[in-house]
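The values are calculated or read from the model by the stated rules, or taken from the named source; none is laboratory data. Bear in mind that the values here come from a model prediction, so they are computed numbers and not experimental data. For neighbour counting, all protein chains shown are included, and Cβ atoms are generated from backbone atoms with ideal geometry for every residue, glycine included. These accessible areas exclude ligands, DNA and RNA; they are computed on the full protein's heavy atoms, side chains included. Shrake-Rupley method; radii C 1.70, N 1.55, O 1.52, S 1.80 Å.
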Amino acid sequence: MESLSVCTPTYNDADTVARALDSVSGFADEIVILDSDSDDGTREIVQRYDQAIIYDYEFQGFADMFETAKERASNEWLLYVDADEEVREPLAEEICEKLTAPSRDAYKTTKRNRMWGRWMHAEHKERPILARRQALDWDDAVAGEEWHVRDGFNAGKLQNPIHHYAYDEIDEYVDKWLRYTAADALDDTQNGQTPSILYYYLKGFGAFGYRYFYERSILDGWQGLFFALMSAIFYPAVDAQMRQLQAVRKHHDDWEEWWIDEKC
């Protein structure tokens with residue numbers, strides 16, 4: 001089996017990081033931790049793991065963070081696991097099987113989310129979590145990052161998802177939801193899009209149907225209905241944020257920086 005470095009960024013993740021590291025410590029040769037000045041006991045928990053190496057990291061964007069983790073890792077194969085994620089046994093066995101005789105340069109999987117006390121049927125879109133060190137790159141966005149398999153490298157698929165403990169509290173979700181609508185409003189504005197009730201509200205109707213029926217949130221009780229409704233009004237909220245952003249542009253020369261600092 002190929003040697004494996006697990007890359008995990010941390011920032012005040014004392015409540016979740018042990019679960020994440022327990023789930024990979026049985027097959028990881030090395031665990032690279034990029035810690036951004038945690039002061040809640042996260043570092044002390046990480047130090048319990050023999051394979052773990054902690055590096056101090058000042059956050060400068062998601063793409064920089066993952067590139068830095070890659071540079072710190074000593075092995076050819078890397079597995080990216082967030083501090084609030086878990087690699088359960090079926091996925092761990094599949095990863096070990098792939099690394100015994102890799103036929104691809106990267107492997108993608110979906111992310112299954114636990115939200116408000118329930119594992120949801122809707123899964124996050126596929127992203128490559130296991131890859132050769134040069135196979136991936138990332139584009140920064142205001143509220144996240146895009147994962148790419150680089151040209152010249154090929155990708156396969158893992159059948160088992162990675163498990164993500166996303167939200168326990170409603171206010172935590174709503175706070176991030178607001179920041180993401182503001183980030184999308186900025187991205188759309190920068191790309192030349194203008195507010196449009198027809199476009200964004202119809203997109204919201206489509207998002208509800210996709211979440212509730214296609215992704216089967218209808219099976220997830222009040223959590224599924226709430227998630228589908230929030231997905232539906234996400235796009236009308238982006239439209240409203242764009243209209244507010246237009247007003248901000250009239251009063252701030254540095255409107256992009258102002259918007260990021262105040263809204264995102």
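Numbers below:
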item	result
Packing-based ranking, highest mean first, of 168-179, 207-218 given that Cβ atoms within 10 Å are counted	207-218, 168-179
Net lengthening on full extension, F59/D40 (0.36 nm per residue, minus Cα-Cα)	5.1 nm
Sum of -39500 (n - 2.57) over DSSP H runs of 4+, divided by residues of the chain (222 nm, nearest 500)	-13500 deg cm²/dmol
Whether the chain is rounded, prolate or oblate, judged on the alpha carbon gyration tensor where a/c under 1.5 counts as rounded	prolate
Mean Cβ count within 10 Å, highest first, over the residues of peptides 48-55, 249-256	48-55, 249-256
Over the chain, relative contact order from alpha-carbon pairs under 8 Å, at least 6 apart, %	17 percent
FRET efficiency for I260 and E97, using Cβ-Cβ distance with R0 set to 35 Å, rounded to 0.05	0.25
Magnitude of the charge dipole, the chain, Cβ model with Lys/Arg +1 and Asp/Glu -1, debye to 20	1320 debye
N12 paired with H251, simple spin-label distance in nm, labels 7 Å along Cα-to-beta-carbon	3.0 nm
Charge dipole (debye, nearest 20) of the range 72-120; +1 at Cβ of Lys and Arg, -1 at Cβ of Asp and Glu	260 debye
Surface per residue (accessible, 1.4 Å probe) for the chain, Å²	52 Å²
FRET efficiency for F213 and H124, using Cβ-Cβ distance with R0 set to 22 Å, rounded to 0.05	0.75
At most 11 other Cβ within 10 Å, DSSP loop - GluC sites (Glu not before Pro), the range 1-62	E58
Counted charge near W119, where neighbours are those whose Cβ lies closer than 11 Å (Asp, Glu -1; Lys, Arg +1)	+1
Carbon plus sulfur fraction of accessible area for the chain, probe 1.4 Å, in percent	46 percent
